[in-house]
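First up is the structure itself, then whatever we jot down about it.
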């Protein structure tokens, strides 16, 4: 199966991360890789939603997490035996498939137990007359194992406790031997010996097996019918018939009903834990309806995960989709500071001090000699304009400006008007759905030493709406800080028109006197000229925290 690759941005996707994921997935397809899909790790914010609707673009696939699941590694072609099948079939399955454990399933395909190979070996290596002669089987399973046909009586599916007796002695000795056991439990196996046939029928045994493909005399068959004794003819000789009759026990009778199981939708870590702690050689993987999906062993844990990631607009796992640390990361395209985890082999890592990841993706198109279509060019343009605040952010580079001119030409758009439309459509805080959504919409975690803090950012036109919602936003910040276990949580509310940011903070009161910006009220700072979280505010906060 060809591995699927997801191009995905950070947990709180903004326009740059979503546009770069969509555009880079398209780049890969144009380059001949058809197994690449754009994805997002969170809900769209109002601005990004507007951009996609404006351009008629379907949002990326939403992935809440990418933790590998049991279904990703289990082989869905399990070897099973029906509970009503004889053990002979179970042994054949063990022999032909090289397995050590065999699930026993019911008519719906759900497991009712398991048969370890060692259990069958143990059963048939036992000594003693009872172990060798007693079999829990039905007449139907006996007939199947012996390849026989009934001369009298008929097959029955009822499981009975039967005792095997070989008629290899004279009639008198044989008749005496039969009296030691309940007649209704006896299965007599013999060749073409009419006297033994009559003695068995006279005793009222449960089944008479005539071996060698021979038949009983007609009057013997009629006598058996009168006495209610079943008569079976088998092409096997007596020795083979005795041996195979012991394999007529139904698989369900020998199955161990105590087994470990795991749902295919459960994390792979859960399977790993069960294999490690249970001491079992295998764990049964179950479909949502309880049917058997496959048999997982320790070797299953080494199966390759069928999907991998390309990270865009971030490189730190703390910002990545949950589960990213368990997957193969093929590439990273980002314009932020480096905080990426180590890799065990070289990967493609594209980074530069530019204002937008979309600028880097557009550069890759140009370097490869590929031209994005008008829609993709418009997406990339929106990403650059959003992240650079229409080229006003201090993060804006000459490459961003040149990229905007190139993309605007391909898209047929006036980039200044398009940028104004983007921010006008998303400048209302009420469009986010509530205070918590406002804080979470573009919230990122950062660290300095042992301290972890988080900063969100929204762009507005004027601060009137912010001041009206300020109290609720404080509560939302406090909730986020507590939930994420942060030293400090802040929200940048950036006015595009005046190029000013109001920074609302919860926690970190001991750092307030070192903030270096005017405090307009407790835990609220006015930051003239600050528009970039990445280049201006976060580096400043790291210095403040580091100094203390």
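The values are calculated or read from the model by the stated rules, or taken from the named source; none is laboratory data. Computed from a predicted structure; not experimentally measured. All Cβ positions, even for glycine, are placed from backbone atoms using ideal geometry, and neighbour counts span all protein chains on display.
Just a few scattered comments:
- Of all residues in segment 336-359, those satisfying the criterion of being surrounded by fewer than 24 Cβ atoms within 10 Å (Cβ to Cβ) and more than 32 Å from the chain's Cα centre (by Cα) are 352, 353, 354.
- Single condition residue 167 does not satisfy, out of (1) free of Cβ contacts under 8 Å to residues at least 40 places away in the same chain; (2) under 24 Å from residue 83 (Cβ atoms); (3) surrounded by 22 or more Cβ atoms within 10 Å (Cβ to Cβ): (2)
- Residue in segment 469-491 that is over 44 Å from the mean Cα position of the chain (by Cα) and farther than 29 Å from residue 320 by Cα present: no
- Scanning segment 35-54 for residues that are buried (at least 18 other Cβ atoms within 10 Å of the Cβ) and over 25 Å from the mean Cα position of the chain (by Cα) turns up 45, 46, 47, 48, 50, 51, 52.
- Inside segment 178-212, residues that are closer than 13 Å to residue 135 by Cβ, in a strand (DSSP E or B) and without any contact (Cβ under 8 Å) to a residue 60 or more places away in the chain make up a count of 3.
- Which numbered condition residue 340 fails, given (1) under 19 Å from residue 10 (Cα atoms); (2) touching a strand residue (DSSP E or B) at 6+ places or on another chain (Cβ under 8 Å); (3) assigned to a helix (DSSP H, G or I): (3)
- Residue in segment 72-81 that is within 30 Å of residue 14 (Cα to Cα), at pLDDT 95 or above and within 21 Å of the chain's Cα centre (by Cα) present: no
- Those residues of segment 150-177 which are in a helix (DSSP H, G or I) and more than 20 Å from residue 216 (Cα to Cα), in sequence order: 173, 176, 177
- Matching residues, segment 374-411, being without any contact (Cβ under 8 Å) to a residue 60 or more places away in the chain, in a loop (DSSP other than H, G, I, E, B) and surrounded by fewer than 22 Cβ atoms within 10 Å (Cβ to Cβ): 391, 397
- Conditions (1) on the phi < 0 side of the Ramachandran plot; (2) out of contact with any helix residue (DSSP H, G or I) (no Cβ under 8 Å at 6 or more places or on another chain); (3) outside any strand (DSSP E or B): number failed by residue 290: (1)
- In segment 273-287, residue surrounded by the most Cβ atoms within 10 Å (Cβ to Cβ) [restricted to those that are over 13 Å from residue 72 (Cβ atoms) and touching a helix residue (DSSP H, G or I) at 6+ places or on another chain (Cβ under 6 Å)]: 283
- Boolean, residue 19 is crowded, with 21+ Cβ neighbours inside 10 Å, under 22 Å from residue 305 (Cα atoms) and touching a residue at least 12 places away in the same chain (Cβ under 8 Å): no
- Test: residue in segment 251-258 that is touching a helix residue (DSSP H, G or I) at 6+ places or on another chain (Cβ under 6 Å) and under 20 Å from residue 86 (Cα atoms): yes
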